[in-house]
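This report refers to the structure that appears directly beneath it.
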Amino acid sequence: MVLCCYERKRGEYNLMQIPSRFEVKTLMEEHYDPCISLFMPVEQVGPETQQNPVRLRNQLREIEKQLEQHAQFASMKSELLKPLLKLPDNHELWLEPCQGLAIFRSLDQFHCYHLPERVKEQQVISSHFYLKPLLSFLANDGRFYVLALSQNEIRLLEGTRYTVQDVLLPEQVPESLAATLQYEQPEKELQYHSTGSGALVGKSGRHTLVFHGKGESDEAKEQLTRYFQQINHGLRELLHDETVPMVLAGVEYLTALYRKANTYPHLLENSLAGNPDELSPQELHQKTLPLVEPVLEQGQRQALAQYQENVGTEMASNNITLVVPAAHEGRIASLFIARDHEQWGRFNPLTEAMEVHETAMPGDDDLLERAATQCVLHGGAVYILNQPDAIGGQLAAAVFRY
């Protein structure tokens with residue numbers, strides 16, 4: 001499943017993947033008033049597909065009305081709406097198979113995401129983008145990493161149950177195995193040979209080094225160990241606040257050596273054996289998801305059990321007036337929110353002043369969305385519950401770190 005990302009300056013779009021946590025953080029932090037967030041379900045088959053552009057036009061008319069109700073937005077209305085009004089007639093927008101659309105627009109940003117699940121029809125204008133409908137794709141119970149180890153390159157992929165995308169590696173991560181395993185003295189080159197095969201030439205143009213699976217020298221193992229230690233060190237800053245599982249993909253003797261260098265605490269015991277160079281990101285996703293699925297399901301069960309053990313103490317609560325401030329302070333380990341519900345109100349992180357309203361009032365935020373997004377950004381786990389019975393019938397509950 002892919003998304004279209006429209007860039008206002010170039011007037012064109014690129015195909016990308018569902019946004020990662022880091023991209024969501026960009027959506028949160030780089031914005032100006034007003035921020036328009038629009039969600040709509042998309043029909044894929046039958047005559048109803050012809051109504052997709054019609055429903056989008058109707059939502060855009062509603063957004064235009066809301067903008068007209070705010071005098072401070074009057075001078076921005078035309079610029080904000082100009083690219084949005086072109087969307088219903090954009091043929092390419094409707095070519096991508098999807099279950100829903102998520103559209104974000106501010107004066108500086110314009111993003112349109114094709115979603116793999118249906119979403120409730122909504123349009124929100126606020127001082128920030130409204131991201132809660134995306135959380136089911138970003139929450140910790142649906143995310144995992146794949147670290148693909150080979151002689152040609154190192155790849156880190158971020159996946160969910162629906163999507164997969166490459167993660168840009170930090171500069172501290174070595175380019176390739178071949179780049180590290182270069183012996184200065186030819187007579188020390190034991191148990192491997194270089195190859196001129198075009199299929200085994202790394203991105204840097206160097207010929208890769210092919211090791212025999214058994215009996216390689218102690219010196220070669222030392223080089224491999226140092227190489228994997230460099231990878232682990234380079235990934236540490238990127239993954240330091242992550243709690244999602246990671247699965248290795250690679251030939252067995254490489255994955256075994258990497259495990260000895262690894263310090264990421266959520267590395268799975270099972271690996272995908274074989275040369276990952278032969279697999280596309282989509283194929284890696286398809287083959288590793290069954291390895292990760294039991295862990296993803298176990299995470300929510302364990303988190304709910306921990307909540308039940310601590311409910312009634314200071315370490316857990318389903319009181320929204322306690323949950324929201326804790327999310328902003330980064331104190332939530334696990335957050336549970338009810339699917340397709342909103343809790344309207346206001347919260348000021350500076351003064352911690354809070355108001356909770358039964359219905360939306362001018363200037364209100366969805367406090368569930370605020371809590372969930374802050375929890376994700378602080379490295380907590382967010383679980384979307386179809387039924388809130390497990391948290392006492394409330395719309396939100398949390399297990400606190402302290």
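The values are calculated or read from the model by the stated rules, or taken from the named source; none is laboratory data. Since this is a predicted model, take the numbers as computed values, not measurements. Don't worry about glycine lacking a Cβ; one is built from the backbone with ideal geometry, like all the others, and counts go over all protein chains shown.
Could you tell me whether E48 is more than 30 Å from F144 (Cβ to Cβ), touching a Lys or Arg at 6+ places or on another chain (Cβ under 9 Å) and either outside the structural domain of L157 (by TED's automatic domain parsing) or at pLDDT below 95 (or both)?
Working: more than 30 Å from F144 (Cβ to Cβ): yes; touching a Lys or Arg at 6+ places or on another chain (Cβ under 9 Å): no; either outside the structural domain of L157 (by TED's automatic domain parsing) or at pLDDT below 95 (or both): yes.
So E48 does not fit the description; no.
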Report task. Return yes or no: is T263 under 27 Å from F137 (Cβ atoms) and in a loop (DSSP other than H, G, I, E, B)? Result -> no
Query raised in the report: Mind checking whether some residue in region 348-365 is closer than 23 Å to R118 by Cα, buried (at least 18 other Cβ atoms within 10 Å of the Cβ) and not assigned by TED's automatic domain parsing to the domain that holds D241?
Result: yes
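Do the conditions hold for A360, that is, is it among the small types (G, A, S) and free of Cβ contacts under 8 Å to residues at least 12 places away in the same chain? Break it down stepwise before answering.
Values: among the small types (G, A, S): yes; free of Cβ contacts under 8 Å to residues at least 12 places away in the same chain: no.
Answer is no for this residue.
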Query raised in the report: Within region 75-90, is even one residue surrounded by fewer than 21 Cβ atoms within 10 Å (Cβ to Cβ) and at pLDDT below 90?
Result: yes
Requested in this report: Quick one: count up the residues across region 237-262 that are under 25 Å from A303 (Cβ atoms) and charged (D, E, K, R).
Outcome: 2
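Being of a type in the set (D, E, K, R) and under 17 Å from L169 (Cβ atoms), is that true of even one residue in region 292-306? So that I can check it myself, show each step before the final result.
Step one: of region 292-306, the residues of a type in the set (D, E, K, R) are 293, 297, 301.
Narrowing the set further to residues that are under 17 Å from L169 (Cβ atoms) leaves none.
Looking for residues that are of a type in the set (D, E, K, R) and under 17 Å from L169 (Cβ atoms), one finds none in region 292-306, hence no.
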Report task. State all residues of region 55-90 that are under 19 Å from Q109 (Cα atoms), of a type in the set (K, R) and in a helix (DSSP H, G or I); if no residue qualifies, say none. Result -> K77, K82
Query raised in the report: Which numbered condition trips up E117, out of (1) assigned to a loop (DSSP other than H, G, I, E, B); (2) touching a residue at least 60 places away in the same chain (Cβ under 8 Å)?
Result: (2)
Query raised in the report: Do we find a residue being more than 17 Å from F347 (Cβ to Cβ), over 19 Å from the mean Cα position of the chain (by Cα), part of a loop (DSSP other than H, G, I, E, B) and outside the structural domain of H266 (by TED's automatic domain parsing) anywhere in region 377-390?
Result: yes
